[in-house]
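Just so you know, all these numbers are worked out from the coordinates, no wet-lab data involved. Since the structure is predicted, the reported quantities are computational estimates derived from the model, not experimental observations. For neighbour counting, all protein chains shown are included, and Cβ atoms are generated from backbone atoms with ideal geometry for every residue, glycine included.
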Amino acid sequence: MNFKSPPSTPVEAVQRWFDHAESVCKTPNPLAMALSTVHSDRQPSSRMVLLKGFDKHGAVLYTNYQSEKSRDIEENNSVSLLFYWDDIQRQLRIQGHATKLTAEESDAYFATRDKLSQVSAWASDQSEPLEDRVTLMEKVVAVTTRWEGKDIPRPEHWGGYLVSLDMLEFWQGNEGRLHDRIRYTCTDGEWTWQRLQP
């Protein structure tokens, strides 16, 4: 991102930030992001998830469609994503609307997951109360046995979301908290930007 002369559209700059973070940041998951949703009672909720795709159409994540985050999205699909890279003093904010990916897109990604993660998608009733860990592990054994020697299909309650790029904000830390901030807003496919005070 050239803060002195910002580009007219931000998508390529976002991808360069992702590439840079993956190449230099010490964290094992530089594409981890905080996903914030809002409950029907207007209580916000945040949790860490992983970015699994990004292009001009939006940011992709995967989860259990029966989880708390998914229930929030069903009520109000306005969401916020936040990336923070302490090593390079950068933040990136994305605000948009989350919509489900097609079954085919979710199937394709699910097939790339490691076996235990596939088993987990079947065994865990995400966000629901759990009596003890033994109960969960018994379900893991049952699912593993059920699909022994076979490809594990994607459960219908698990899949992806695409978060639209309605707003993107680049934040670069500087000395004395004189940070650089550029915010892009997309309206009807057209990008505009403004510089913000730190």
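Hand me the tally of lysine pairs in the chain: alpha carbons under 20 angstrom apart, and the pair either on different chains or 8 or more positions apart.
Lysine pairs, 8 or more places apart or on different chains, close enough: 9.
Do any GluC sites (Glu not before Pro) in the stretch 85-158 lie in a DSSP loop with no more than 14 other beta carbon atoms within 10 Å, and if so, which?
Answer in residue order: GLU131, GLU148, GLU156.
Find, among the chymotrypsin sites (Phe, Trp or Tyr not before Pro) in the stretch 27-109, those assigned to loop by DSSP (not H, G, I, E, B) with at most 11 other beta-carbon atoms within 10 angstrom.
Sparse-neighbourhood loop chymotrypsin sites (Phe, Trp or Tyr not before Pro): none present.
For the stretch 24-37, in order, what is each residue's ³J(HN,Hα) by Karplus, 6.51 cos²θ - 1.76 cosθ + 1.60 with θ = phi - 60°, in whole Hz (x at glycine and Pro)?
10, 6, 7, 4, x, 10, x, 9, 6, 9, 7, 9, 10, 10
Given charges of +1 on the Cβ of Lys and Arg and -1 on the Cβ of Asp and Glu, with all other atoms neutral, how large is the dipole of the chain about its Cα centre, in debye to the nearest 20?
Computed about the Cα centre, the dipole is about 520 debye.
Please list, ordered by chain and number, the residues whose modelled amide H lies under 5 Å from the amide H of TYR65; skip anything fewer than 5 residues away on the same chain.
Amide H neighbours of TYR65, under 5 Å, 5+ apart: TRP158, GLY159.
What number, in percent, do you get for the relative contact order of the chain if the mean sequence gap of Cα pairs under 8 Å and at least 6 apart is divided by its residue count?
RCO, the chain: 23 percent.
Just to confirm the filter: which trypsin sites (Lys or Arg not before Pro) across the stretch 34-95 are DSSP coil and have at most 16 other Cβ within 10 angstrom of their Cβ?
ARG42, LYS52, LYS56
Roughly how far apart, in whole Å, are the Cα centres of the stretch 39-78 and the stretch 80-98?
About 14 Å separates the Cα centre of the stretch 39-78 from the one of the stretch 80-98.
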